[in-house]
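Since the structure comes first, as structure tokens, the remarks are kept for the end.
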């Protein structure tokens, strides 16, 4: 799949990767994948895409096992992208919440109209 067709700041996984990197810059791509419940390949793709777009900077360092690892740091552009994406997802989740509240009210009313108290187990 071409990078441009999948990578999108509207993608919730991109925001989650940005969050993980901000909170724990020393995480490996494997650890990011585990935390997010995605494949290592997908984590690699997302991290490389963020680095390629200038949202994340990768620096080499030697870890406690004396192996070369990467330290991922959000750049100023990455911080701005994360803030914008967070705002978009907050707005989206609030809209979803309002739709769910309305649906719950409709279902509760329907259940009451059928003579079943809404908290009765079936």
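The values are calculated or read from the model by the stated rules, or taken from the named source; none is laboratory data. On a predicted model such as this, the values are computed, not experimentally measured, just so you know. For neighbour counting, all protein chains shown are included, and Cβ atoms are generated from backbone atoms with ideal geometry for every residue, glycine included.
With respect to (1) modelled with pLDDT of 95 or more; (2) exposed (fewer than 13 other Cβ atoms within 10 Å of the Cβ); (3) part of a loop (DSSP other than H, G, I, E, B); (4) under 13 Å from the mean Cα position of the chain (by Cα), the lone exception for residue 38 is condition (2). Taking region 75-122 as the range and being in contact with a helix residue (DSSP H, G or I) (Cβ under 7 Å, 6 or more places away or on another chain) and either surrounded by fewer than 11 Cβ atoms within 10 Å (Cβ to Cβ) or not in a helix (DSSP H, G or I) (or both) as the test, only 118 passes.
Scanning region 12-28 for residues that are in a helix (DSSP H, G or I) and in contact with a strand residue (DSSP E or B) (Cβ under 8 Å, 6 or more places away or on another chain) returns 18, 21, 22. Filter region 51-71 for residues that are outside any helix (DSSP H, G or I) and either at pLDDT 90 or above or surrounded by 12 or more Cβ atoms within 10 Å (Cβ to Cβ) (or both) and give the result. Across region 51-71, the qualifying residues are 53, 54, 55, 56, 57, 58, 59, 63, 69, 70, 71.
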